[in-house]
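Reviewing the structure listed below.
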4 protein chains.
Amino acid sequence: MQPPKPLNPNFKEDISASFATFVLMRTIGAALVRVEPGEVDIVLPFRDDLTQQLGYMAAAIISGILDVACGYAAMSLSPPGTTILTVEFKVNLLAPALGERFVARGCVIRPGRNLSVCGGDVLAFKAKEEKIITTMLATMMTVKE
Amino acid sequence: MQPPKPLNPNFKEDISASFATFVLMRTIGAALVRVEPGEVDIVLPFRDDLTQQLGYMAAAIISGILDVACGYAAMSLSPPGTTILTVEFKVNLLAPALGERFVARGCVIRPGRNLSVCGGDVLAFKAKEEKIITTMLATMMTVKE
Amino acid sequence: MQPPKPLNPNFKEDISASFATFVLMRTIGAALVRVEPGEVDIVLPFRDDLTQQLGYMAAAIISGILDVACGYAAMSLSPPGTTILTVEFKVNLLAPALGERFVARGCVIRPGRNLSVCGGDVLAFKAKEEKIITTMLATMMTVKE
Amino acid sequence: MQPPKPLNPNFKEDISASFATFVLMRTIGAALVRVEPGEVDIVLPFRDDLTQQLGYMAAAIISGILDVACGYAAMSLSPPGTTILTVEFKVNLLAPALGERFVARGCVIRPGRNLSVCGGDVLAFKAKEEKIITTMLATMMTVKE
């Protein structure tokens, strides 16, 4: 496949600016680390205050950063002056969310004027090891800002 | 349908004790407010530090409390000495997560020894008004604690 | 909740006419048996030529009639001159699809001008017994015919 | 990633034998065309009697062959003497199912003793052109035959 072509020449700046206003990402310590056409990475270090009853990072947080990565992946291919809302997503939690840090990579599977379909994974990193712990399939909607 | 019968006579206490160790719930200010056989409610007041780029509560948080409500609904019908892990879930975000507080209600659709299928909704409350803002369909796995 | 109000006074006739052109439904022997605002039932008798490797009705068929019931439920609340396409759906297969006949009931959870969110179940009937065997959560799109 | 290792040395024969008893696949004219460890392809020629109200192949059929491809992908990594049941799946329908033939490719994302997570796509072929029309994320369960 040819790489998808951005409709917004300033998509990187616009996504960074939007992410900066996404308060939850700051609250949990997530950072936007890579923005390419149709592909966005968000990184999150492990934090005790975000864990569930067995000490793993909670599904809410892991699926949450992946949803946001998918949304910004969709935004990278959307026209200027738009933002993205999640219509729906489905996640499979493949393995316990244990590790020093987590990287959520969201990708556009099929861009669309109104609806984009995105997919992505979260990788957990521990020492030298990396492991897929979560996978998502999501539908995103482009809306005027 | 007849109401489902709990296998664990202490399910209320065990769920409360488990919820108390679910650190993320405390971090975001969520409370377990109702535990019945096959049905659990979690309430969350609106908080600015949990919002997304448009000022609504982030999908991570809304779907997160609903996932937890579904998980504990499954646990209410599971044997003593077990806990619940989420295998997967799918959420539809129906309306902006705006309101003074949010109530996630998780229900068991089909209990099972290993896998339980659960569904649930999040209601947003604002003044006298209430509104369904999110709906979920999820698969939960019972594991020995 | 108040019952949803149809925008198309002829929704019953239009849905019946559309269903009559849905060739697969005729091929598998499915019938449209109930059309109300926001709710549609499709019935399918058991047939050996639609089974999977263990002799149950195949997931394709059971989820297929439920998808169609959900789609027409959305159409019952859509404006005249429109039809429905499925954006996505998720099904949980709760129990083996065994029985003399199956009834798929699709319901609109949240109607929308462009997107409607629907849910539904398939019941299996055997002698006097009935059982939920499948549940779905789906996103439907209204398009001009 | 290293390629997954089959636990059943006769997985190809066993999957072919199981597919031969999957009556619906014969009914609709689907063929098993490729079985590798963790990856299975099913091909289906276009047929008028499997279409929906706009003349496209019905979602039931397209998602059905993909579900079966995912299930046999899981079976390719399962122990001898087992078969696969679908726990749940989610599909996004990306484009109208038009074409001369359709190829469903199911892949194992994470194999498991009891549960395997699979993903896959359906490609539509028309003249020289190919196009992704559907994508799936599914949970499969290994059961003793």
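Coordinate-derived values only; no laboratory data. Owing to the predicted nature of the structure, the values given are computational and were not obtained by experimental measurement. FYI the Cβ positions are ideal-geometry reconstructions off the backbone, even for glycines, and counts take in every protein chain you see.
Values for this structure:
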read-out: Nonlocal amide H pairs with C:Ala97, under 5 Å, H built at 1.01 Å; value: C:Met57
read-out: For the protein assembly as shown, average projected area of the Cα convex hull in nm²; value: 25.2 nm²
read-out: Test item: A:127-140 mean partner chain Cβ contacts at 10 Å; value: 3
read-out: Residue with peak Gaussian network fluctuation, chain D [Cα springs, cutoff 10 Å], from D:Gly81, D:Gly120, D:Gly106; value: D:Gly81
read-out: Structure-based [θ]222 nm, chain C - -39500 (n - 2.57) summed over DSSP H runs of at least 4, per residue, nearest 500; value: -7000 deg cm²/dmol
read-out: Average beta carbon contacts from partner chains per residue of A:89-100, 10 Å cutoff; value: 6
read-out: Separation between Cα centres of the range C:83-103 and the range A:98-122, rounded to whole Å; value: 27 Å
read-out: Nearest-20 debye value, chain C charge dipole, Cβ charges on Lys, Arg, Asp, Glu; value: 200 debye
read-out: Rounded D (µm²/s) - the range A:11-144, Kirkwood Rh over Cα pairs, Stokes-Einstein at 20 °C, 1.002 mPa s; value: 147 µm²/s
read-out: Compactness relative to 2.2 N^0.38 Å, alpha carbon Rg of the range B:76-145; value: 1.30
read-out: Interchain or long-range residues, amide H under 5 Å from C:Arg34's placed H; value: C:Asp41
read-out: Crossing angle, helix A:59-75 versus chain A [Cα axis fit, 0-90 degrees, rounded to tens]; value: 20 degrees
read-out: Taking only Cα atoms of the range B:1-44, radius of gyration then Dmax in Å; value: 11.8, 37
